[in-house]
Each structure stands twice: as structure tokens, then as C-alpha cells.
1. Check I149: other-chain or 5+ apart residues with amide H under 5 Å from its amide H, H built from backbone geometry?
2. Using a Förster distance of 35 angstrom, determine the FRET efficiency expected from the C-beta separation of D213 and R126, and round it to 0.05.
3. Mark the label point 7 Å from the Cα of L339 along Cα→Cβ and return the residues of the stretch 294-312 whose backbone N is within less than 18 Å of it.
4. Along the charge dipole of the stretch 176-276, Cβ charges K/R +1 and D/E -1, which of T214, Y227, V252 sits furthest on the positive end?
5. Return the subset of K164/K197; K38/K220; K42/K98; K134/K197; K134/K220; K38/K98 for which the Cα-Cα distance in this structure is over 32 Å, preserving the input order.
6. For n ≥ 4 DSSP H runs only, could you compute -39500 (n - 2.57) per run for the chain, divide by its residues and tell me the 222 nm figure to the nearest 500?
7. In the stretch 1-64, which trypsin sites (Lys or Arg not before Pro) are in a loop and have at most 12 other Cβ atoms within 10 Å, using DSSP for the loop call?
8. Near the amide H of I8, under 5 Å away, which other amide H atoms are found, from residues 5 or more places off or on another chain, if H is placed in the peptide plane?
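Where a number appears in this text, it was derived from the coordinates with a stated rule and is not lab data. Note that the structure is predicted; figures quoted are calculated from it, not measured. We place every Cβ from the backbone using ideal geometry, glycine too, and count neighbours over all the protein chains shown.
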Amino acid sequence: MAGVYIHIPFCVRRCAYCDFFSTTLLERREAYVETVLKEIEKRREEAGAIRTIYIGGGTPSTLEASHIRRMIEAIGAPDATEVTMELNPGDASAEYLKAIREAGVNRLSIGIQSFQDELLRLIGRRHNAAQAIKAVRMAQEAGFENLSIDLMYALPTQTMARWKEDIETALGLKVQHISSYGLMYEDGTAMTKRLEKGEIEAVDEETENAMYDTLCQRLKEAGFVHYEVSNFALPGYEAQHNSSYWDGTPYVGIGAGAHSYLPPARSWNPSDLNAYIQGIEGGSLVRESETLSEKDMYNERIMLGLRTSKGIRLDDTQRSRAGRGQVAGLDRFSGLLRLTEDGRLVATQEGLHVLNRIIEELMI
Ligand code: SF4
């Protein structure tokens with residue numbers, strides 16, 4: 001069973017920290033959706049049986065509910081168990097939420113990021129804390145029983161006390177899933193420019209790690225399963241679509257900049273609105289692709305698997321291959337990785353702080 005991802009690359013305005021592919025040319029939405037519908041029609045067969053649909057962005061909630069409905073209908077996956085859509089709190093209204101639920105969306109991922117107005121302004125979000133809380137309540141009233149919210153930490157001027165308040169507010173909302181990311185200073189973003197000019201100060205590594213540990217600890221106490229480095233769910237509410245990225249399930253990516261994974265091939269559409277629309281409309285879309293070698297696949301398993309609480313299974317072949325100077329000295333990861341009884345390698349809490357370094361060392 002595969003997943004389908006649809007990328008909606010429109011945002012009302014660009015957030016200060018974001019380097020995702022998106023545009024503020026909202027007037028192109030109609031044309032874009034028509035093109036997406038054509039791509040779905042052309043590539044529907046590639047996906048086979050579909051288990052999950054994820055409409056992400058950008059900001060999918062800049063689209064009309066009728067657009068969402070048409071795209072879900074075009075995919076035609078009556079057996080899909082999870083249909084997620086990302087929602088900006090600023091776009092939520094009772095009417096809109098009801099309409100997208102009727103269109104087939106059964107899970108929302110709400111980009112809240114913070115419950116502190118000051119911090120929301122700092123990172124350039126267009127909603128405020130009251131809107132964020134209201135969006136969750138309205139979604140619940142509209143009948144959504146599977147809600148995820150995003151929260152950010154390690155934001156300039158964010159204190160541990162404020163971060164703890166955010167965690168408690170999130171728990172008070174009774175959502176089923178929380179994704180949380182530390183702020184990254186990506187090249188070329190407004191936040192990075194401000195950092196370089198000395199206008200803002202980055203949170204130090206120790207505080208960032210302490211914020212992450214506080215989050216993990218508190219959510220665990222509240223009954224959440226920490227199933228991926230940045231993702232926490234009440235039992236049974238782990239994101240199925242995102243989990244398929246981590247466990248190597250095939251997926252078809254539709255829309256500008258969307259990636260597809262149909263093993264052993266990975267391909268991607270151009271991250272350019274005009275090139276995408278003209279390419280699909282003219283029947284000449286060039287999708288770049290690469291065929292993953294056995295080594296690439298092994299590295300992907302390390303990279304993605306170690307992010308999850310399941311970790312990676314080291315079978316005998318992998319053990320011997322990896323053993324050549326890679327996993328041989330597992331003791332140098334003492335305290336950072338542990339081997340489970342059923343032979344899986346899993347990152348410890350300490351290991352999660354330095355996960356990228358561990359992954360780099362384990363890749364061949
Ligand atoms: S963070 Fe989300 S809403 Fe903000 S610019 Fe990036 S894609 Fe758009």
C-alpha cells in the first residue's frame with residue numbers, strides 16, 4: 001500500500017525561518033489545482049492501492065474546500081485510512097473545517113508553532129495564539145478526532161518557563177499528536193539574516209537540548225509515545241503517512257517540488273511553479289530521478305530508521321558490511337545507541353541530541 005503526497009506551494013506570506021518551496025502568488029491557485037488534477041490522472045496507476053493521502057505545503061488551507069475535495073476525489077482512494085491536510089490557524093473557520101471534513105480529510109496538521117504572540121510575530125507567522133487555540137477547538141467541534149499540532153522551540157528570547165507553558169497549553173487542547181522542531185537557521189532566510197546582523201541571538205545548544213528533553217519527558221508523562229525524533233502520538237495515532245517515509249513505503253508525490261519514491265527509484269518534480277504547470281499542461285514535464293543503489297538504500301535505512309523508536313534492524317549482511325569500520329566499534333556510541341533484545345539499534349535520549357552526527361558516522 002502506498003501513500004500520495006500533494007504539494008500546495010502557496011503561502012499568504014513567507015515566515016521568517018522558512019526555506020520550503022512556496023510562493024505568495026495566490027492568483028495562480030486555480031491554474032495550479034487544475035494542473036495537479038491532470039498530474040493525478042496521469043500518475044494514478046503508479047501508486048497502486050493507496051493507504052494514505054497527505055496534502056502539505058506551503059499552506060494547503062489557502063485553497064478552497066472545493067479544491068481539496070476535487071483532488072481527493074481524483075485520487076479515488078476509498079480505502080485510504082488517513083487523509084491529512086496541513087492547516088494554518090489563520091484560515092480556520094467552522095464552515096471551512098466542516099467542508100474539508102466532508103471532502104474526506106480525516107486528520108489535520110495545524111501549524112501552531114507557539115502559543116506566545118510575541119514569538120509568533122518574531123518568526124513571522126500570520127496567526128496569533130488565540131486563533132491557534134480557536135482553530136483546534138473549532139476542528140474538534142467540526143468532528144476531527146485526529147489532530148496534530150506543530151510546536152517550535154529554541155526560538156530567540158524563548159525561555160524554558162515559556163516553553164513549558166506552551167507544552168501545557170498544547171496538552172490542555174487534547175490533541176492526539178504533536179510534532180516539535182527546534183528552530184533551524186537555514187541559509188538565506190530572514191531569521192538567518194537577522195542572526196548574522198546580530199539583531200537576534202540563537203539559543204545555546206545546552207538550552208535547546210534541555211527544551212527538547214523537557215518536551216519528551218512531559219509528553220511521555222501525558223501518555224504520548226515518542227515514536228520519531230520530532231513526533232509524539234497518543235497510542236494508535238502515530239502518523240501513518242509520515243511513518244511510511246521512515247519505513248521505506250512507496251509514495252507518489254504530486255505537484256511542484258514533490259518527491260516520489262517507488263523503490264529503487266526516487267524522482268522529483270521541478271520546484272518551479274511555471275515549469276511545473278507548463279510541463280504538465282504541455283505533456284513535457286521533466287521529472288528528475290535517480291536509482292538508488294544498494295548502498296544508498298542501506299544509508300537511507302540508517303538515516304530514516306534511526307530517527308524512529310523502532311530503530312534499525314542489523315541483519316547479518318548489514319552487520320558484516322557495516323562492520324567494516326562502521327558499526328564494528330559500537331561501544332564508541334556508548335550511551336548514545338542501544339541494541340534491543342530483538343537486535344535493533346535505537347538512539348537513546350542522549351543519542352537523539354547528536355543524531356545527525358551518529359547517522360553520518362554509521363553511513364557507508
Ligand atoms: S512555514 Fe509554512 S506557512 Fe510559513 S512560509 Fe513556510 S510553508 Fe509557508
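1. I110, H177, I178, S179
2. My answer for the efficiency is 0.70.
3. In the stretch 294-312, the label zone of L339 (backbone N under 18 Å from the point 7 Å along Cα→Cβ) covers 302, 306, 310-312.
4. V252
5. Pairs exceeding 32 Å: K38/K220; K134/K197.
6. -11500 deg cm²/dmol
7. Here the trypsin sites (Lys or Arg not before Pro) that fit, given the DSSP loop and packing criteria, are R13.
8. Distant-sequence amide H within range of I8: G56, G57.
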